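J.: Just passing along the structure, written as structure tokens.
Just so you know, all these numbers are worked out from the coordinates, no wet-lab data involved. None of these values were measured; they are calculated from a predicted model. Using ideal geometry, Cβ is built from the backbone for each residue, glycine included, and neighbour counts are taken over all protein chains shown.
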Amino acid sequence: MQNKPTTFHFLLLIASGLLLAALSFLWWNDSRQPAPISLTPTLSGETEYCLTCHVDLPEISASHPADTFGCVSCHGGERLALNADLAHSTMRGGANPSDFSVVEASCGGSNCHSGSEADDRHHIQRVMTSVQSTYAGAIASIRYTFGAQTDLNAHFGIQAVIDEQSKTGISSLETFNPVDEAHPSIQKFGEECLSCHLHAEPREGEAYARETGCAACHSTKKHTLTTAIPYTQCNACHNRGNYDLRTMTFVERTDHPTQRIDDYYQPIAQFTQCEYTLDCVDCHTRSEVMGDGDIHNDQASIEYVQCKTCHGTLEELPLTKTLTDPNDIAFTLAFLNPIKDLKLGDTIIVTEKGEPLWNTKVLPDGTYEMIGKATNQYFTFRPVMGTACEQKPDEQESHYCHECHAVEK
Amino acid sequence: MNVTQWKNKMTDLSRRDFLKLIRNGFLYLSGVLVTGGLLRFLSYESEPKRKTEFDIGSADNYPLGSRTSIPEIPALLIHTESGYTALSLTCTHLGCTLEPNETGFACPCHNSSFDEAGNVIHGPAVKPLQVLRIEITDDGNIKVFTA
Amino acid sequence: MRPSFFHHLHPPTIPTAQARWRHTLAAGGTAIFLMLILGVTGILEMFYYIPNPEEAALSVQTITYLVPFGGFIRNLHYWSAQLLLIVSAIHLLRVVFTAAYSHPRRFNYLLGLTLFVIVILLDFTGYILRWDVDICYPLLTGTNLLKTIPLIGDALHRIAIGGGDACTSGLLRMYVWHIFGLTLPVIILGVWHAFRVRRDGGIAVPPPQVRTDNARISRNELVRREVLAMFVIGIALILLSSFAPAPIAPAMPTTPAAIGAAASQSARAPWFFLWVQQMLKWGDPFIFGIVIPIGILVLVALIPYIFPKPADSDIGTWFPKSNRFAQITIGLVSFIVILLTLLANAK
């Protein structure tokens, strides 16, 4: 009887088989996991495993190589987790760490984009206080129109900002809260017209999708940061529809214009050839577009580049500067967007505030060249001086130029 | 014992043995998987890898004729007419860091002794000191490689 | 055949009734097996766990995601610990519902109850060792509860976490309590508890003179049943740990402001303390967080001493008449704890 296989022997056999099966499953399951890919960025020295899944992402820009910065220093996240939910759970600003709610943690820091004004790296301070972000002028104008304020001075921005060293006399703006407003038109304005500005959440829908924060302008395609910003990027806000002041609504356009001259949303606008051939950033400077660090009353008080900035007037040539200082900001800008080989000794056009138009150059014959920052196209142009232009000396703003030089639509 | 009894016994025995064989096979294989898993678990390298590449700064800091100790490697950088040489200061016996003395270098652990060129004066070490690979980078820095 | 070491741990024969599944629910044996798994997997985790606030959660992530089979080992440790709590509770219920605590097993009942309390503390400290954002408020409130105890509260708080701020310090103490300060007593009391089971005449059954079933089984048979039970639990745990990952959350931030922001997202107590957390919403933390839970514990501990002694023939039988008060007491306690847990879950 002792030698007969008992029930126990059968059960033990089955149990052993199941144990082996369970352990085999465990090994098989383990072998299916992707091999972790580590990256130890030199900046932090802290190993991260984001590349295990994101190995195909392109380098975001030449200035932010992954070997140096890694992913986590900008994006946050759990650097060792190989579970997507956990790894992504603490990312700053979701997929966009440059959103203004988190930009200081992602892009800031005194070594990065929160430097001092002296070293010209106070980018976050500049953009936060710029009218692109505050929309202060339009808010003031609408509140004035509907009787909520008695002057046209800016008191509110989309988000509150403070700049105690402001040179404009405006040291702070309060948060504009449309719900607190008495006039229904101002409330409607608050609902309809704040979505373009960098501090505000974009509107729903794909047609003119934009990112928030720095990426709104600098990220032209997925996982890219650039200073070569084409006009299409600007169009995501500046040509995405029209507003109706009577009903205080915003009417979005649904098409993607291809004819730059015909498809601008303001039918009365007039354009000269350079305004629809060049990109916006070819003429408009850093301080105009991204702010100069001070809080400004409205767009008009920060935008200053005119036709004459490059073309001069009948009496004056445009301002120029010969680059003699290797630390000139022009070289930094040219380095970040290497469309041309800017050299010491080159003479370039500068604006009346001294900002370099580093993509220009004075040629030996007295004409000028310009290279498109986003297109890399080569242009030459002449000064007004010495031409048959009949414009009066005291009428030199661009809109006077448009009267003769605008291209008929 | 008649034939039938014997036959029954044999069948029972071999059936039992057969079952036992398979069961033990399952259990041994399970044991192999558990042991293998355990070894894989324990052999994960959790400590950061040892640095093998050292940028020791501009070559101008090491003028002709200088012998400079670089403690972080540890190595001795020698600049002679024939160029730069990095002599490892890790004892070839069991890895302690050598200390300079009148004749060269001595090991504080087991008293091995080397001359200034790195040759063994007396043991227990038998191999001479390693000469480390050197590279001069484009911007004029010296890089020393320990592997 | 000479008995092996494992056979020797058992008496040569025991009454068949003592080894019946429907009588013991296999809870005590399962608890011992789970403790063995916990010991082995715990030691394995110690090879990679780093008990300092900056690195603890990251080292848990390393174990979970990077070390080969590390996630599995951690899941095994986690699930064994949760099962141990449940199995211990079932064991306690079985002992009360079958009047097994009665003399001469009253002392062993207290040993067992002490083990149960230490196992709960082990579960809690083990949970704290994750040191991620989820553990901050449970640790903070749990240790602040100690402070509410008059006279000795502050001292207990220092003993538990060494003072300081619960979410930035205290990890080292939690680690030592978990690895050593609570584990060692569990080993000692556990061995004592098992020894007392045998010394007190094995698992409770009616004494021989009133026993109806006098069949006995050999220790060979007993070991066979234990082996089979271990296989079943082991395989179940392997599968559970392959499919169900143990909870994990983002690492604890390093600045107090960031800790506050992150911790407020998840202020939930671990599941076995949800019933206390639910009561704490009602008012005074000392009453609801200390007095009532300890009162319940004392009440359960006093069951063998304050209720009428069950009849000899009832010992080891399910729900005997002579044991009604004890059954109602433990039943009510269980009901209240489960109800409070469900209430806490409902919100």
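J.: Decide, for chain C, between rounded, prolate and oblate: order the square roots of the alpha carbon gyration tensor eigenvalues as a ≥ b ≥ c, take rounded if a/c falls under 1.5, and otherwise choose prolate if a/b is larger than b/c, else oblate. Please report the intermediate quantities before stating the final value.
T.: On the way: a/c = 2.30, a/b = 1.46, b/c = 1.57.
In terms of gyration-tensor shape, oblate.
J.: If each of A:Thr227 and C:Asn144 carries a label point 7 Å out from its Cα toward its Cβ, how far apart are those two points in nm?
T.: Inter-label distance under the simple model: 5.0 nm.
J.: I would also like to ask the following. What is the mean number of Cβ atoms from other protein chains located within 10 Å of the Cβ atom of each residue in peptide B:18-26, rounded to a whole number? Don't skip to the end; give the middle numbers.
T.: Values: counts 1, 5, 4, 0, 3, 8, 2, 3, 11.
Mean partner-chain Cβ count within 10 Å for B:18-26: 4.
J.: Whole percent per 5 Å bin, from 0 to the bin with the longest distance: what is P(r) over all C-alpha pairs of the stretch A:1-95?
T.: The percentages, shortest bin first, are 3, 11, 15, 16, 10, 6, 6, 6, 5, 5, 5, 4, 3, 2, 1, 0, 0.
J.: Give me the one-decimal nm value for the distance between modelled label points at C:Trp21 and C:Ala236, 7 Å along each residue's Cα-to-Cβ direction.
T.: Label at C:Trp21, label at C:Ala236, 1.0 nm between them.
J.: Still on this structure, I have one more. In percent, what relative contact order does chain A have, based on Cα pairs under 8 Å that are 6 or more apart in sequence?
T.: Values: 633 pairs, mean separation 48.5, N = 409.
Relative contact order, chain A: 12 percent.
J.: Which angle between 0 and 90 degrees, to the nearest 10, do you get for helix A:136-145 versus the longest principal axis of chain A when only C-alpha atoms count?
T.: 60
J.: Just check the stretch B:53-145 against the gyration tensor rule for me: Cα atoms, a ≥ b ≥ c as the square roots of the eigenvalues, rounded for a/c under 1.5, and otherwise prolate or oblate depending on whether a/b exceeds b/c. Before the final figure, lay out the partial values.
T.: Working: a/c = 2.43, a/b = 1.93, b/c = 1.26.
Cα axes put the stretch B:53-145 in the prolate bin.
J.: Placing unit charges on C-beta atoms (Lys and Arg positive, Asp and Glu negative, everything else neutral), compute the dipole magnitude of chain B about its Cα centre in debye, rounded to 20.
T.: On the way: 14 positive and 16 negative charges, 405 e Å.
Roughly 1940 debye for chain B.
J.: Within the stretch C:240-312, list the chymotrypsin sites (Phe, Trp or Tyr not before Pro) lying in a DSSP loop whose Cβ has at most 15 other Cβ atoms in a 10 Å radius. Show your work: numbers first, answer last.
T.: Numbers: sites: C:Phe243, C:Trp271, C:Phe272, C:Phe273, C:Trp275, C:Trp282, C:Phe286, C:Phe288, C:Tyr305; in loops: C:Trp282.
Qualifying residues, ordered by number: C:Trp282.
J.: Given the stretch A:304-405, what count of lysine pairs have C-alpha atoms under 24 Å apart, with each pair 8 or more places apart or on different chains?
T.: Value for the stretch A:304-405: 21.
J.: Restricting to bridges with both residues inside the protein assembly as shown, how much of the DSSP beta-bridge set is antiparallel, in percent to the nearest 5? Could the numbers behind the result be given before it?
T.: Working: 52 of 54 bridges.
Once the DSSP bridges in the protein assembly as shown are tallied, antiparallel ones form about 95 percent.
J.: Grab the beta carbon distance between C:Val40 and C:Asp284, set R0 = 30 Å, and tell me the FRET efficiency rounded to 0.05. Mind showing how you got there, number by number?
T.: Working: r = 43 Å, r/R0 = 1.42.
Working from the Cβ atoms, E equals 0.10.
J.: Using the Karplus equation 6.51 cos²θ - 1.76 cosθ + 1.60 (θ = phi - 60°), what ³J(HN,Hα) coupling, rounded to whole Hz, does each residue of the stretch C:125-130 give in order, writing x for Gly and Pro?
T.: 5, x, 4, 5, 4, 4
J.: Among the aspartates and glutamates, select those whose C-alpha is under 13 Å from the C-alpha of B:Lys20, and discard any that sit fewer than 8 residues away in the same chain.
T.: Cross-link targets: B:Asp12.
J.: Within chain C, count lysine pairs with alpha carbon atoms under 28 angstrom apart where the residues are 8 or more positions apart or belong to different chains. All intermediate terms of the calculation are to be shown ahead of the outcome.
T.: Working: C:Lys147/C:Lys281; C:Lys147/C:Lys347; C:Lys281/C:Lys347; C:Lys309/C:Lys321.
Final tally of qualifying lysine pairs is 4.
J.: Another question, then. Any aspartates and glutamates with Cα under 15 Å of the B:Lys143 Cα? List them, leaving off those in the same chain fewer than 8 positions away.
T.: Filter leaves B:Glu53, B:Asp55, B:Asp60, B:Glu72, B:Glu135.
J.: While we're here: Tell me the angle of helix B:3-42 to the major Cα principal axis of chain B, expressed in degrees between 0 and 90 and rounded to the nearest ten.
T.: Helix B:3-42 sits at roughly 20 degrees to that axis.
J.: So, one more: Give the aspartates and glutamates whose C-alpha is closer than 16 Å to that of A:Lys222, dropping any in the same chain fewer than 8 places away, or say none.
T.: Leaving aside aspartates and glutamates fewer than 8 places away in the same chain, those within reach of A:Lys222 are A:Asp56, A:Glu59, A:Asp99, A:Glu206, A:Glu211.
J.: With no solvent and one equal point scatterer per Cα, compute the Debye intensity ratio I(q)/I(0) for the stretch A:296-409 at 0.20 Å⁻¹ and report its log10, rounded to two decimals.
T.: -1.19
J.: While we're here: Taking +1 at the Cβ of each Lys and Arg and -1 at the Cβ of each Asp and Glu, which of B:Cys109, B:Ser58, B:Ile78 sits farthest along the dipole of the stretch B:53-145 towards its positive end, judged by Cα position relative to the Cα centre?
T.: Positive-most Cα among the choices belongs to B:Cys109.
J.: Within 10 Å of each Cβ of C:233-244, how many other protein chain Cβ atoms are there on average? Show your work: numbers first, answer last.
T.: Values: counts 0, 6, 7, 2, 1, 7, 5, 0, 2, 6, 2, 0.
Mean shielding count: 3.
J.: Put +1 on the Cβ of each Lys and Arg and -1 on the Cβ of each Asp and Glu in chain A; which of A:Gln299, A:His402, A:His218 then has its Cα farthest toward the positive end of the dipole?
T.: Looking along the dipole axis, the top candidate is A:His218.
J.: Counting only Cα, what are the radius of gyration and maximum Cα-Cα distance Dmax of the stretch A:123-289, in Å?
T.: 16.7, 46
J.: Report the relative contact order of chain C, percent, no decimals, based on alpha-carbon pairs under 8 angstrom and at least 6 residues apart.
T.: Working: 391 pairs, mean separation 97.7, N = 347.
After rounding, I find 28 percent.
J.: May I pose another question? Quick check for me: using +1 on Lys/Arg Cβ and -1 on Asp/Glu Cβ, what's the dipole size of the stretch A:175-264 about its Cα centre, in debye to the nearest 20? Write out the running numbers ahead of the final one.
T.: On the way: 9 positive and 13 negative charges, 70 e Å.
The dipole of the stretch A:175-264 has a size of about 340 debye.
J.: Please get the size of the charge dipole for the stretch C:194-347, origin at its Cα centre, with Cβ charges of +1 on Lys and Arg and -1 on Asp and Glu, quoted in debye to the nearest 20.
T.: So the magnitude is around 240 debye.
J.: Place the peptides B:28-38, C:105-115 in order of packing, highest mean first, counting for every residue the other Cβ atoms within 10 Å and averaging per peptide.
T.: Working: B:28-38: 14.5, C:105-115: 19.4.
Order by mean packing, descending: C:105-115, B:28-38.
J.: Here's something else I'd like to know. From the square roots a ≥ b ≥ c of the eigenvalues of the alpha-carbon gyration tensor of the protein assembly as shown, which class results: rounded (a/c under 1.5), prolate (a/b over b/c), or oblate?
T.: Since a/c reaches 1.5 and a/b is larger than b/c, the shape of the protein assembly as shown is classed as prolate.
J.: Nearest 500 deg cm²/dmol is fine: what mean residue ellipticity at 222 nm does the protein assembly as shown get from its DSSP H runs of n ≥ 4 alone, each adding -39,500 (n - 2.57), divided by its residue count?
T.: Working: 34 runs with 373 residues, N = 903.
Mean residue ellipticity at 222 nm (helix-derived): -12500 deg cm²/dmol.
J.: Another question about this same structure. Mind checking the angle between helix C:292-306 and chain C's longest principal axis? C-alpha axes, 0 to 90 degrees, to the nearest 10.
T.: 10
J.: I'd like to know which of C:Ile328, C:Thr64, C:Ala301 lies farthest towards the positive end of the charge dipole of chain C, counting +1 on Cβ of Lys and Arg and -1 on Cβ of Asp and Glu.
T.: C:Ile328
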